[in-house]
1. For the range B:123-175, how many residues are at pLDDT 85 or above and among the β-branched types (Val, Ile, Thr)?
2. When only residues in the range A:465-522 that are crowded, with 22+ Cβ neighbours inside 10 Å and among the polar types (S, T, N, Q) count, which is nearest to B:GLY80 (Cα to Cα)?
3. Could you grab me the full set of residues in the range A:195-236 that are among the polar types (S, T, N, Q) and touching a strand residue (DSSP E or B) at 6+ places or on another chain (Cβ under 9 Å)?
4. If you take the residues of the range A:159-179 that are part of a strand (DSSP E or B) and among the small types (Gly, Ala, Ser), which of them is nearest to the chain's Cα centre (by Cα)?
5. Got at least one residue in the range A:401-417 being among the aliphatic types (A, V, I, L, M) and modelled with pLDDT under 95?
6. Would you confirm whether any residue within the range A:108-116 is more than 12 Å from chain B (Cβ to nearest Cβ), in contact (Cβ under 8 Å) with a residue 12 or more places away in the chain and under 17 Å from A:PHE132 (Cα atoms)?
7. If the requirement is being out of contact with any Leu (no Cβ under 8 Å at 6 or more places or on another chain), of a type in the set (Val, Ile, Thr) and away from chain B (no Cβ under 14 Å), which of these qualifies: A:THR411, A:THR417?
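The values are calculated or read from the model by the stated rules, or taken from the named source; none is laboratory data. What you see is a predicted model, and the numbers here were worked out from it, not measured in a lab. Glycine also receives a Cβ, built like all others from the backbone with ideal geometry; neighbour counts cover every protein chain displayed.
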Amino acid sequence: MPTMDPNRKKSKPVDLVDSVDSRVELTESTRSCPFPDEVLERVLSLIDSHKDRSSVSLVCKDWYNAERWSRRHVFIGNCYSVSPEIVAARFPRIRSVTLKGKPRFSDFNLVPEDWGADVHPWLSVFSSAYPFLEELRLKRMAVSDESLEFLATSFHGFKALSLLSCDGFSTDGLKAIASHCKNLTELDIQENGIDDLGGHWLSCFPESQTSLEVLNFASLNSEVSFDALEKLVSRCKSLRVLKLNRNISLDQLQKLLLHCPQLMELGTGTFMQELISGPVTEFKNMFSNCRKLVTVSGLWDATPLYLPVIYPVCASLTFLNLSYATLQSSELANLLFHCRSLRRLWLLDTVGDKGLEAVGSCCPLLEELRVFPADPFDQEIFLGVTESGFVSVSRGCPKLRHVLYFCRQMTNAAVATIARNCPDFTHFRLCIMNPGQPDYLTKEPMDEAFGAIVKTCTKLQRLAVSGLLTDRTFEYIGQHAKNMETLSVAFAGNSDLGMECVLKGCPKLRKLEIRDCPFGNAALLSGLTKYESMRSLWMSACNVTMNACRMLAKEKPRLNVEVMRDEEGSDDSQAHKVYVYRSVAGPRRDAPPFVLTL
Amino acid sequence: MASETSTVTSEPPATAVVAVGSLNFNDTELTLRLPGESRKSGEKRRFSGMIDLKLGGNDRSDTECSVVKKSTPSKERVVGWPPVRSYRKNMMKKDCKYVKVAVDGAPYLRKVDLELYSGYQQLLCAFEDLFSCFTIRNVLKEMKLMDPVNGTEYVPTYEDKDGDWMLVGDVPWKMFVESCKRIRLMKNSEAINGSELLKKC
């Protein structure tokens, strides 16, 4: 184990996939680096991007060493691609870790429980390797209360915890964090499968806790003690992000805001009261002191009567998250009239096409738009938004780069128009909610729509396709999407050719996730030489057999080829769920019985 | 994924949420009304300790004590499609109906989502789970919960939209779900043993 000894410089680099050893043959005599190591390290410590740091580490041994000693933050996109021991051996001075676990489709219930991605083995290693660890950001990891308690008690300078889409813990684990982390600056709990046993955890912050900067408990359902919350907010003078849960009432919010005028991001609680007599006037000035507010979210149950309360801060807002407020078009229009500086906007499709017209006319600086379905499964009742709304936005918001759009009808012509209006798309995710639905006017496949996107939007990094699609779509993608890194496909394609085109044609592809498509063994194996340059491949409900998976595993020992067995175990020759990823850690040692590593 | 029902530990209730301050128990004063008198359409009988408690519920369709999730009877759904995260799905659940449940003598409140149940029996089962000291006791069609340790009986009552305290089980289930604002498990002074007045906590 590396120590803090200043004589540590000559330790050997660890053999990794991108290892220096196989690439560079510098000897002492050819060393031309004029800088002392300390200077090099100091210079490199200014580099934040982990991609840049990877590049830096490949230059030569000296740079490799300088880079690894100066790295403070490590980003691990797939927790099984490397082991905690390997990470600790290579990077001795880490203060901040970002760790992602389960495949993304686990968000949509496609990955069984107990699949893995347990954070505990990481914490165990880190407790001795990085006793001064300050930040931990987890996404789709399995986290237990025991792990949270271990975290809280093992790392004495621990500052920031962010849990997104994790599961396996309860509010008891949060109690441990609140009680023991004396220097906590950030507690960000988002959208987790958490066992909510009550709001008592918030009362566990001691009186001495004054350093909180970020507190997000919007997704927890239980009531916290308002008294404890109010006191906490008043003594944390550096609080800049506060996201409350639905249980916090409007008058309680008003009281809180008096204590934190320095707030930059606010998630409100319930944004209405049930009183009948003249309520709004008493809240009129609620936001008048919040001069630094740039983000507002929450707004649960906001009604036309109460929305105007936030008008005073709208002019300076850059991010408005209305995806939990069931607003109608006119309410949204009235609100957006005041929000001319918006860069990011999240909505529910209850606002309809008319609401989106208001977006187009009021928000010329808009860069990101997400429109979520209020009722994804009930198709009879409400249409939501259509191609027309999307086109309206594209006309008024030429700077759009990032879009997530759920709709029930779309046309090729509309998407082509949208692409022309917004050529700078970097993230384009269109979800036509009925699987395999064609252009509703021409009845043709939606191939030309996505063709237009990939041809026009050369900066495209992320793409999610939907609707009735033939192999043509994937031909277009393979031909034009040269910067695409992530592709999500569902209920699309005709044959192996589709997937082959993508694997052959997209040099920057890192993540490919496919479900319910007729891609088979030939398609899978066509990517033989490609998968090691990618983070992962997911294929479920396709036409892949176990034999093809075995072949892939045999040819590529540095890939983990995992097959998840279906519960019925009906057809053992078919591979129902395949997850392939590169790894320097070898096969998983913690795979549950239903995960077969080939 | 975390389990649906909270795990009840063997610790005393004091470790759970204490939010008594927000529930004004003065509001729960009982008032007498003539039986049969109603304000709106549909019969409504307020709970009165004096009147013989007989349930008129005809809506208890099932006797199984399992939580049944309501699912919209629409097209056959594909797993994980549309790709909306579970968290968002749960938040946008139509008619999510959370009500607070208070138990006489206990310092903590729990919450239940009435939309999760399709009848009174299931609701009582949920109470059994939430407050693990109870067992359901159906005597002469009366809906009661009993703490077998000391024989205290609890009668479920609820506050409706008009602010009146009613006996749980009086009205059809759907009407109850719509009008129920909060629930209180009220100690029935007629304990099983009859003789002792038992105080809990």
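1. Residues in the range B:123-175 being at pLDDT 85 or above and among the β-branched types (Val, Ile, Thr): 4 in total.
2. The selected residue is A:SER466.
3. At the first step, the residues of the range A:195-236 found to be among the polar types (S, T, N, Q) are A:203, A:208-211, A:216, A:219, A:221-222, A:225, A:234.
If the condition is that a residue be among the polar types (S, T, N, Q) and touching a strand residue (DSSP E or B) at 6+ places or on another chain (Cβ under 9 Å), then A:SER203, A:ASN216, A:SER219, A:ASN221, A:SER222, A:SER225 are the ones that fit.
4. Applying the first criterion (part of a strand (DSSP E or B)) to the range A:159-179 yields A:160-164, A:167-170.
Retained after the next criterion (residues that are among the small types (Gly, Ala, Ser)): A:160, A:162, A:168, A:170.
Numbers: A:ALA160: 17, A:SER162: 12, A:GLY168: 19, A:SER170: 22 Å.
Residue satisfying both the conditions and the ranking: A:SER162.
5. Checking the range A:401-417: not a single residue is among the aliphatic types (A, V, I, L, M) and modelled with pLDDT under 95.
6. Kept after step one, since they are more than 12 Å from chain B (Cβ to nearest Cβ), are these residues of the range A:108-116: A:116.
When the remaining residues are screened for being in contact (Cβ under 8 Å) with a residue 12 or more places away in the chain, the result is A:116.
Retained after the next criterion (residues that are under 17 Å from A:PHE132 (Cα atoms)): none.
No; the residues of the range A:108-116 include none that is more than 12 Å from chain B (Cβ to nearest Cβ), in contact (Cβ under 8 Å) with a residue 12 or more places away in the chain and under 17 Å from A:PHE132 (Cα atoms).
7. Details: A:THR411 fails: out of contact with any Leu (no Cβ under 8 Å at 6 or more places or on another chain).
None of the other options fit; the residue is A:THR417.
Results for (1) within 14 Å of chain B (Cβ to nearest Cβ); (2) under 24 Å from A:CYS204 (Cα atoms), shown as yes or no for each residue.
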| site | (1), (2) |
| --- | --- |
| A:LYS231 | no, yes |
| A:ARG240 | no, yes |
| A:CYS260 | no, yes |
| A:LEU263 | no, yes |
| A:THR268 | no, yes |
| A:PHE271 | no, no |
| A:LEU299 | yes, no |
